[in-house]
1. Please give the peptides 165-178, 202-215 ranked by average Cβ packing (other Cβ atoms within 10 Å per residue), highest first, as a rough proxy for protection.
2. Distance between Cα centroids, the stretch 204-219 to the stretch 7-25: provide it in whole Å.
3. Can you list residues from other chains, or at least 5 along the same chain, whose modelled amide H is less than 5 Å from the amide H of Glu268?
4. Enumerate the calculated ³J(HN,Hα) couplings along the stretch 70-85 in order (Karplus 6.51 cos²θ - 1.76 cosθ + 1.60, θ = phi - 60°), each rounded to whole Hz, writing x wherever the residue is Gly or Pro.
5. Sort 235-241, 105-111 by the packing proxy (mean of other Cβ within 10 Å over each peptide's residues), most packed first.
Amino acid sequence: MSGGRRLPVWACLGEAVRFLPRAWSGAWAALILIGLAVGAPVVLAESGWLRANAWASAPIVLAAVAAALVADGALYRLGVFGADARREGLGVAGLQFGRPELRLLAARLLIDLFLLMIGIASVVVLAVALTAGGLGEVDFATVRSLADLRELAGPVELVVTGALVAGIAAVFLLLSVRFSLYGAATLGRRRIVALNALGVAEGAFWPLLLGIVLVSLPATALFVWQHCVSGLTGRNLLIFHGLQALAYAFVQKPLTAGFLSAAYRRLEYLPAGPDGK
């Protein structure tokens, strides 16, 4: 930690769990909307409808983005402002679209542009490193094991390349976690918080990472069950995707927003909780 800031991750997780009923009662329509936005494209793709109607992908993506903005706007109003969420523009059942939602969109686009620039720079650095290590012309699609790589380059080159790849991955993990509070901060500060979200999360990387991992367990468990255990196909798989979308909308999404809102309030020293007390 830095600057004496402390983030009590377990207290934030407890608030996230207690936030669920408030999210369900205050933003149920927005959660249904995001569930449809997440589940419909998957179901349509699995059924083959999107392949037969490729032109429909663009409006579906736009609808999903709009639904995400509406849901985030509702959840962060409830999570950050608690009982004052209505004064901040919370709509009936969480349906609203105003300046806060546009700020969320602008902040997300600025962050994505920044990450894209970092990604391009990382690719250039990696390409230079691979060329310097004699791996510039290697077709990595043909590499199936570490033994294959050892035939193409020496141990020093492999260690340097591996360290570089690990370093790039670590940078993106660091940035992703530090940027995670942009939504709560944009609503809480009533202005666009994009790159300056890095400062909001300063000194709280490890608690935030732990909290994000823990609140992601429901989605992770469903993913593992689907790909490693269930063996579902056909109609049963479509039904599962529908249930998965509902679980995301009514558990994963509000749980994550509740945790990030609680973390933001503590890092900004705001007293109000989800119950407005």
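A short reminder: the numbers here are calculations on the coordinates, not readings from a lab. Fair warning: this is a prediction, and the values are worked out from it, not measured in the lab. Using ideal geometry, Cβ is built from the backbone for each residue, glycine included, and neighbour counts are taken over all protein chains shown.
1. Answer by packing, highest mean first, reads 202-215, 165-178.
2. Answer, in whole Å: 13.
3. Sorted by chain and number, the residues that satisfy this come to none at all.
4. 4, 5, 5, x, 5, 5, 6, 4, 5, x, 7, 9, x, 5, 8, 4
5. So the order, starting with the most tightly packed, is 105-111, 235-241.
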